[in-house]
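The values are calculated or read from the model by the stated rules, or taken from the named source; none is laboratory data. Computed from a prediction, not measured in an experiment: that's the story for all the values here. Don't worry about glycine lacking a Cβ; one is built from the backbone with ideal geometry, like all the others, and counts go over all protein chains shown. For the accessible areas, the whole protein counts, side chains as well, though only heavy atoms, and no ligand, DNA or RNA atoms are used. Shrake-Rupley method; radii C 1.70, N 1.55, O 1.52, S 1.80 Å.
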Amino acid sequence: MIKKKLVRLDILFGALLLSSCTSIDYVPDTGWSNNETDPRFYENWFGHQLAAASEPVLASEEDLAPFSNRFRLLILPNNSPASIYRIDATGSGGMSLTYTQLDGAGGYEPGDIAEQWTRELSSNEAQDFVDALDAARLGTLKREADLHVVNDDAGASYISICMHPPVFVFEHLSQTERTYVTRDICELRREPDLEKLQILVSSFSNGG
């Protein structure tokens, strides 16, 4: 809870500015630490970034068509533009990557689309992605990471947190489940398979 409050101090002003915008529904309504306040807070933060990128909502089976499954990685630096990587898979195994870079300020105003393009993943890239996605096991992960408790040499315990960290949002939608996982960069480094997935997907923008 301490960690969440610290993060919210960084982006509260921007979230309040955005709260008067048109209602959107990119973020799950349940499964959060606080189901009464978190969905609205994260909708103002994550959802408005995705809306600015003209991204689809990935919430239900109806949002799949015409694809067999869809994956999205939203990367939110603290005060620089967000980037979005969406991978759409067809039933035949083909995969397309849509990359979007915004021109706003990361955790604050999303701004507008600065760059956007779509390309097909090669067969090797597609296989690497499938392997990394399977290894990350998104469906088994908690939506939010637990607070990281560290013991010092004297035996005292304290909470390890990141100040102003980049935040990563992983989404995957298939015919059987919707997964939605958020981590900051320090949390991500404690989950090697999830970090490998992020690094791999981010590397695909170099081929555009």
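Tabulated data
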| quantity | calculated |
| --- | --- |
| Mean projected area in nm² (Cα convex hull; one quarter of hull surface) for the chain | 12.2 nm² |
| Neighbour net charge for residue 30 - beta-carbon separation under 15 angstrom, K R +1, D E -1 | -3 |
| Built amide H within the under 5 Å cut-off of residue 68, gap 5+ | 89, 90, 91 |
| The range 54-166: C-alpha gyration tensor shape, a/c 1.5 cut-off, then a/b vs b/c | oblate |
| Ranked order, 178, 189 - accessible area, probe 1.4 Å, largest first | 189, 178 |
| Amide H contacts of residue 115 (H built 1.01 Å from N, under 5 Å, at least 5 apart or other chain) | 101 |
| Histogram of C-alpha separations across the range 152-208, 5 Å bin width, % | 4, 14, 19, 18, 18, 12, 7, 4, 3, 2, 0 |
| In Hz, Karplus ³J(HN,Hα) per residue of the range 170-187 (6.51, -1.76, 1.60; θ = phi - 60°; x = Gly, Pro) | 9, 10, 9, 10, 10, 6, 10, 7, 10, 10, 8, 10, 10, 8, 8, 5, 5, 5 |
| Probe 1.4 Å, all protein chains present, accessible-area order of 163, 95, largest first | 163, 95 |
| Whole-Hz ³J(HN,Hα) from phi, Karplus 6.51 cos²θ - 1.76 cosθ + 1.60, for the range 66-80, glycine and proline x | x, 9, 8, 7, 9, 10, 9, 10, 9, 10, 10, x, 5, 9, 9 |
| Residue 26 accessible area, 1.4 Å probe, all protein chains in place, Å² to nearest 10 | 20 Å² |
| Tilt relative to the chain, helix 192-203 - C-alpha long axis, 0 to 90 degrees, to 10 | 50 degrees |
